[in-house]
Amino acid sequence: AHMVDVGAKAETHRVAIASGEIRMLPATLRTVLAGKAGKGDVLGIARVAAIMAAKRTSELIPLCHPIAIGAIDVDLSPIDEGISISATVRTNDRTGVEMEALTAVAVGALTIYDMIKGTERGARIEAIMLDSKSGGKSGDWTAPTDGRSS
């Protein structure tokens, strides 16, 4: 195992967007949206956790470079039977921020799970994926809409 040498790469503007969902019972979702969960503001705390996780990705994923993150936007939106999570991470650096965006989504979902597990242990974290990335030598990439990876 080794860390990829990015020292010769040019610093470019890079953006990555990742998404995922946490599915729960309608009653649990109503509790979350009403702000009545036992542990407090579920969505607010999940947003902070997602941002913190993105900033610490290199400490969590072996061989991942520490990145100077310029901005992180986390959106938590109600969907049918759950919450949709989206994270957009931006940097001007020598390597991309895909792992940071994915980590933000995963930890945001895990935080929601932790905050509702007293009410519902059967919540499901699903469909965590990279939606798009831009910048760098490899250029732009967007996830195919047919569900296949490329």
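Key figures for this structure:
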quantity	calculated
Enumeration of residues in the stretch 108-123 that are surrounded by fewer than 23 Cβ atoms within 10 Å (Cβ to Cβ) and under 23 Å from residue 73 (Cα atoms)	110, 113, 114, 115
Qualifying residue in the stretch 84-101 (condition: in contact with a Cys (Cβ under 7 Å, 6 or more places away or on another chain) and open to solvent by 70 Å² or more (accessible area, probe 1.4 Å))	yes
Residues (modelled with pLDDT of 95 or more and surrounded by fewer than 16 Cβ atoms within 10 Å (Cβ to Cβ)) located in the stretch 62-74	70, 71, 73
Condition met for residue 81 (among the acidic types (Asp, Glu) and closer than 30 Å to residue 7 by Cβ)	no
Condition broken by residue 58, with the remaining ones in (1) under 24 Å from residue 7 (Cβ atoms); (2) of a type outside the set (A, V, I, L, M); (3) without any contact (Cβ under 8 Å) to a residue 40 or more places away in the chain; (4) open to solvent by 70 Å² or more (accessible area, probe 1.4 Å) satisfied	(4)
Residue that is among the charged types (D, E, K, R) and within 14 Å of residue 17 (Cα to Cα), where the choices are 100, 126	100
Single unsatisfied condition, residue 138 versus (1) at pLDDT 95 or above; (2) open to solvent by 70 Å² or more (accessible area, probe 1.4 Å)	(1)
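The values are calculated or read from the model by the stated rules, or taken from the named source; none is laboratory data. Note that the structure is a prediction, hence the values are computed from the model and not measured. Cβ: placed from backbone, ideal geometry, glycine included. Neighbour counts: every protein chain shown. Calculation scope for accessible area: heavy atoms of the full protein, side chains included, ligands and nucleic acids excluded. Shrake-Rupley method; radii C 1.70, N 1.55, O 1.52, S 1.80 Å.
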